[in-house]
Amino acid sequence: MTADARGFDAVDNRALALLHVELSMLVTALWFEIDHGDGSAASNFFTADAELTFSRRAFRGTEEIDGVYRDRAARGPRVSRHLMSNLHVLRHDTDRVEAVSALVLHAQDGEPPVPTTVPVLVADVFDSFVRIGGPDAQNYRWLIAARRIDNRFLTPGDVLAVPTE
């Protein structure tokens, strides 16, 4: 069944709650990998042909996504915390979901602890998820097929660790 924000009364609320939890877990696990690791496993959260867009710069496929985080790590130590909230499912059916969440990023080059900073950016993150695996409810996982990060607030003078142009 396909539903949008206006049709939620017609869908099973328990199923929608489970979907919300599954997608939130995926998104927060990705941000954890980037913040606590070096992002080298970030492409595992994406489909092989996924598109990742920062502002006006797009990367296609897991090889290019790996390159983004390899280049980020090559810049040297960086402390970051990607704080995700307000995940909202825009549209969904059995195997595809469109969602948006809010991202607040605190980041600075160097080794922790670094001086307290204001957020480097606040953004809307638009994700297209696809369900991979068979119809067996025990045998599937969600992956990101497309992600677009639209900056809403940027701190003047700060340099982002990923290319945006």
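The values are calculated or read from the model by the stated rules, or taken from the named source; none is laboratory data. This one's a predicted model, so the numbers in the text were calculated from it and none came from an experiment. Because the Cβ atoms are built from the backbone with ideal geometry, glycine has one as well, and the counts that use them run over all protein chains shown. Protein only, heavy atoms only, side chains kept; ligands, DNA and RNA dropped before computing areas. Shrake-Rupley method; radii C 1.70, N 1.55, O 1.52, S 1.80 Å.
Could you say whether any residue in the stretch 86-94 is under 22 Å from V21 (Cα atoms), in contact with a Ser or Thr (Cβ under 7 Å, 6 or more places away or on another chain), touching a residue at least 60 places away in the same chain (Cβ under 8 Å) and among the aliphatic types (A, V, I, L, M)? Within the stretch 86-94 (the criterion being under 22 Å from V21 (Cα atoms), in contact with a Ser or Thr (Cβ under 7 Å, 6 or more places away or on another chain), touching a residue at least 60 places away in the same chain (Cβ under 8 Å) and among the aliphatic types (A, V, I, L, M)), the answer is yes, since at least one residue qualifies. Would you confirm whether any residue within the stretch 94-105 is outside any strand (DSSP E or B) and surrounded by 13 or more Cβ atoms within 10 Å (Cβ to Cβ)? Yes, the stretch 94-105 contains at least one residue that is outside any strand (DSSP E or B) and surrounded by 13 or more Cβ atoms within 10 Å (Cβ to Cβ).
Residues in the stretch 106-124 that are open to solvent by 50 Å² or more (accessible area, probe 1.4 Å) and assigned to a strand (DSSP E or B): H106, Q108, D109.
In the condition set (1) at pLDDT below 95; (2) crowded, with 18+ Cβ neighbours inside 10 Å, A10 is compliant with all but (2). Of the residues making up the stretch 54-71, those that are closer than 17 Å to I34 by Cα and open to solvent by 50 Å² or more (accessible area, probe 1.4 Å) number 4. In the set L16, L30, only one residue is in a helix (DSSP H, G or I), touching a residue at least 12 places away in the same chain (Cβ under 8 Å) and either surrounded by 16 or more Cβ atoms within 10 Å (Cβ to Cβ) or under 13 Å from the mean Cα position of the chain (by Cα) (or both); that residue is L30. When the stretch 42-77 is filtered for residues that are under 13 Å from the mean Cα position of the chain (by Cα) and more than 18 Å from I149 (Cα to Cα), only N44 remains. Restricting the first member to the stretch 107-123 and to residues that are at positive phi, and the second to residues that are surrounded by 15 or more Cβ atoms within 10 Å (Cβ to Cβ), the beta-carbon pairs closer than 8 Å and six or more apart or on different chains are G110/R78; G110/V79. Residues in the stretch 33-53 that are buried (at least 16 other Cβ atoms within 10 Å of the Cβ) and closer than 25 Å to D95 by Cα: 10 in all.
Let's see how each residue does on (1) under 24 Å from A50 (Cα atoms); (2) at pLDDT 95 or above; (3) among the hydroxyl-bearing types (S, T, Y):
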position	(1), (2), (3)
H82	yes, yes, no
S85	yes, yes, yes
L90	yes, yes, no
Q108	no, no, no
V122	yes, yes, no
G134	yes, no, no
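Take the stretch 77-93 and flag every residue that is among the β-branched types (V, I, T) and open to solvent by less than 20 Å² (accessible area, probe 1.4 Å).
Taking the stretch 77-93 and keeping what is among the β-branched types (V, I, T), we get 79, 89.
If the condition is that a residue be among the β-branched types (V, I, T) and open to solvent by less than 20 Å² (accessible area, probe 1.4 Å), then V89 is the only one that fits.
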